[in-house]
Amino acid sequence: MNQAVEKIRGGLVVSCQAREDNPLYGPVFMAAMAVAAERAGAVGIRANRPDDVAAIRARVNLPIIGIYKKKVDGVEIITPDFELAREIVAAGADIVAISCARYQRPLDEALGELILRIKRDLKTPVMADVGTVEEGITAARLGADLVASTLQGYTPDTVWTVGPDVELLSRLVASQPCPVVAEGRYSRPEHVREALDRGAYAVVVGTAITNPMAITAGFVAATRR
């Protein structure tokens, strides 16, 4: 097994991302978030865009799951093509995450070729971000090294849940051979424990740790009737 993949086994990966409307947007702040996560015991970082990945790589020794979100025909896709994957790896990513949503990549041939090229040409393992069991099975068959439940509730053919979809996690674990990374609305320590108990290889937490705007908004909402 790839060393970076092995290092995240059984642990917490912290997603250090911020959108442009967030005061913490930018590589300086995301690198600081990553340092804080490393000091607290996280086993990995998930980060978006080459500049953030490079800044984080310069300050932490943890494996980085790199992504490059881009809009294609008005739809934001996680690492839609090989050149973006190449930029992420050049910046310092140890694992590349790509969207494997069927509505974004309807042709297995195209998805399989992208997975193959990342693994062959960049010598980097691939994490398949999926929203359904069927997408996870397809990604595993096409050569993904990890399958993550990242997209559940964020695609047209999945349903939003309050809190993480642990049933999807269990079905992904049972239905295909790849290690499964739990991601998507895991926001409390007990969520992380349940995911690991259900067979998750690792758990990714983002907003609940690295988005003070969203955290504050939740508390503010509690002050209003």
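The values are calculated or read from the model by the stated rules, or taken from the named source; none is laboratory data. Just so we're clear, the structure is a prediction, and the values are computed from it rather than from any experiment. Note: ideal-geometry Cβ built from the backbone for every residue, glycine included; neighbour counts use all protein chains shown.
Things worth noting here:
- Filter pass, residue 150 being among the hydroxyl-bearing types (Ser, Thr, Tyr) and modelled with pLDDT under 95: no
- Considered as a group, the residues in the range 117-136 that are touching a strand residue (DSSP E or B) at 6+ places or on another chain (Cβ under 9 Å) and part of a helix (DSSP H, G or I) include one that is nearest to residue 79 (Cα to Cα), and that residue is 118.
- Considering the range 154-225, the qualifying helices (runs of 4 or more DSSP H), each wholly inside and each with 3 or more residues that are more than 18 Å from the chain's Cα centre (by Cα), of a type in the set (Asp, Glu) and farther than 24 Å from residue 24 by Cβ, run over 189-197.
- Comparison of 144, 110, 214, 221 shows that the only residue that is surrounded by fewer than 22 Cβ atoms within 10 Å (Cβ to Cβ), closer than 26 Å to residue 82 by Cα and among the aliphatic types (A, V, I, L, M) is 110.
- All positions within the range 142-153 that are over 10 Å from the mean Cα position of the chain (by Cα) and over 13 Å from residue 126 (Cβ atoms): 152, 153
- Out of 51, 73, sole residue that is over 24 Å from residue 197 (Cα atoms), modelled with pLDDT under 95, charged (D, E, K, R) and out of contact with any strand residue (DSSP E or B) (no Cβ under 9 Å at 6 or more places or on another chain): 73
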